Amino acid sequence: MGDTIYPPESIYNLIPREEEKTTKPPRYMSKFREQVKLEKELNKASNKTMGSAKVDVPSPQKYLLKHSKEPKLPEKKPFKYEDDELHSKPAVPARTDKPLMGIHSNKNFIKTNAVENIMALPKKPLPVCADTKKGDKQLLEKSGLIPKYIKKKDYGQTPEYLLQRREEVRRAQEEYDSYVKERMREGAMKQLSEEERFNILQTLKKNWDDIHHQYQGLSVVTDTTPKKYRKERLELEMKQLEKDIDLIERHKTVYIANN
């Protein structure tokens, strides 16, 4: 007798059964299928990847020359400043040049130079400041210690862009106030009183305390799916309550719609 184990005999196994054929659901066909195929055909260009079917054969006389595709630089010109002619010194006279002869002057250059130097005002030294321990100096005007900007014409005035921004904010606030007054006149919304706002805020905080008490009582180890789901649900509820509390605390005026 072998180790083969046969199933227990039953009369139901003797009755022939019809083979059940599983029928697959109909294949999903997008309603945009024809439109996508049409757009694909429209965007397809002929010979897009392989190039044109027939091209002109290059002439044997026009073969590629060496360095023919390299960029050509402009012709080199000697460098010269634009104001060289104004500030440049005259050229040194050549040996063949002869000075002008026969020109005499009665001017006494020694006395003239002496009088000019006697009558000239003494030069004032430029103000400097020492900015290192070694005595290195720099001009005081470029050091940033001299207040230059207070001498501007528009110093201390509000910039134009801030005035424009302030006007836009004021106009937007007026439009919002007129919209609120119109809606309140129609009875579509009303303003919460300070007492109602305080009661709602206290209720939200009490709900947060209750959920936080439940959250503190959870098990440290979330080894089962229900514990994990409950922890996530309590965290989401506390986050939503924190957002609502912050929203009401930041806005002193609250409007609600009348259903």
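The values are calculated or read from the model by the stated rules, or taken from the named source; none is laboratory data. If you're wondering where the values come from, they're calculated on a predicted model, not measured in any experiment. Backbone-built Cβ (ideal geometry, glycine too); neighbour counts: all protein chains shown. The area values use the complete protein model at the heavy-atom level, side chains included, leaving out ligands, DNA and RNA. Shrake-Rupley method; radii C 1.70, N 1.55, O 1.52, S 1.80 Å.
The condition of being open to solvent by less than 90 Å² (accessible area, probe 1.4 Å) and in a helix (DSSP H, G or I) holds for only one of Glu116, Glu174, Glu167, Glu85, that being Glu167.
For the stretch 1-60, filtering for residues that are modelled with pLDDT under 75 and acidic (Asp, Glu) leaves 2.
Would you check if Ser105 is free of Cβ contacts under 8 Å to residues at least 60 places away in the same chain, within 30 Å of Val254 (Cβ to Cβ), open to solvent by less than 100 Å² (accessible area, probe 1.4 Å) and of a type in the set (S, T, N, Q)? When the stated conditions are applied, Ser105 does not pass them.
Does Lys133 meet the test of being open to solvent by 100 Å² or more (accessible area, probe 1.4 Å), basic (Lys, Arg) and modelled with pLDDT of 85 or more? Considered against the rule, which asks whether it is open to solvent by 100 Å² or more (accessible area, probe 1.4 Å), basic (Lys, Arg) and modelled with pLDDT of 85 or more, Lys133 comes out as yes. Criterion applied to Lys205, Lys252, Lys231 was being open to solvent by 80 Å² or more (accessible area, probe 1.4 Å) and either of a type in the set (Lys, Arg) or in contact with a strand residue (DSSP E or B) (Cβ under 7 Å, 6 or more places away or on another chain) (or both), and the one residue passing it is Lys252.
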